[in-house]
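See below for the structure under consideration.
The values are calculated or read from the model by the stated rules, or taken from the named source; none is laboratory data. All figures in this text were calculated on a predicted structure; none of them were measured in a lab. In this analysis, Cβ positions are derived from the backbone assuming ideal geometry, glycine residues included, and neighbour counts consider all displayed protein chains.
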Amino acid sequence: MRIILLGPPGCGKGTQGNLIKKKYGFPKISTGDLLRKAVQEGTPLGKKAEVFMNQGKLVSDEIVVEMITERIENVDCREGYILDGFPRNIVQAQTLEEIDGNSQELVFDIEMDERALINRLQARRICPCCGSIYNFLVRKPKRQGTCDVCAAQLIRREDDNPEVIKERLRVYHEKTKKLINYYLKKKVYNKIEGTGEIDTVFGRICAVLDKQLIKFREDEARR
């Protein structure tokens, strides 16, 4: 199964993806994490991606597709995987289906009010060592400014400053939301209200996912 998480920056895709991974065992593939790792390591793809990321723009399809293709070919993705941040447009969605056309799809679109999104992004902090995500509004660390997992000092992502946030949201509304109609036509689209406690939002996702997993397994058994 291929689980695709859609939604604007700051809606909680990464957090919900981690919860799905923990409960259901599917590996989570975050294009943001892949890109940031490439940038940190100074790879050729990372250097190209850095220019886009620092301006709040979407990284080119060519760069992202190359990273995703390499990742989903790993053995841990054979039974399924979670995509956070990909696809971002219809071209990427179609390319994904060409790369892996056998996986059944399930799409979750996490929706939130834009003002709430901006506030949440400005309050977000990440751990530069282990990648844990915190938020001073909805998921505070036990000790202010310190990662609960590895005790490293938390930092703000460069693309979480106000100017870049607004540009990221503009780009999202301009390009990524066109995917909604695409997945609606495929009858795999599920809108999820992203407002509320993290566990509440996760419960909304699980209600859909549990039902679909049963259906998919029954379909497999009949084949």
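Per-structure values
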read-out	value
Single condition residue 108 does not satisfy, out of (1) closer than 27 Å to residue 209 by Cβ; (2) assigned to a loop (DSSP other than H, G, I, E, B)	(2)
Criterion (in contact with a Lys or Arg (Cβ under 7 Å, 6 or more places away or on another chain) and either more than 30 Å from residue 39 (Cβ to Cβ) or not polar (S, T, N, Q) (or both)) met by exactly one of 180, 192	192
Failed criterion for residue 205 (all others in (1) crowded, with 18+ Cβ neighbours inside 10 Å; (2) of a type in the set (A, V, I, L, M); (3) out of contact with any strand residue (DSSP E or B) (no Cβ under 8 Å at 6 or more places or on another chain); (4) within 29 Å of residue 1 (Cα to Cα) hold)	(3)
Per-region count, segment 170-202, residues surrounded by 13 or more Cβ atoms within 10 Å (Cβ to Cβ) and of a type in the set (Lys, Arg)	4
Within segment 67-102, tally of residues that are over 11 Å from residue 31 (Cβ atoms) and not β-branched (Val, Ile, Thr)	18
Residues of segment 145-161 that turn out to be at pLDDT below 85 and farther than 16 Å from residue 135 by Cβ, as a count	1
Complete set of residues in segment 37-54 that are touching a residue at least 24 places away in the same chain (Cβ under 8 Å) and surrounded by 14 or more Cβ atoms within 10 Å (Cβ to Cβ)	38, 53
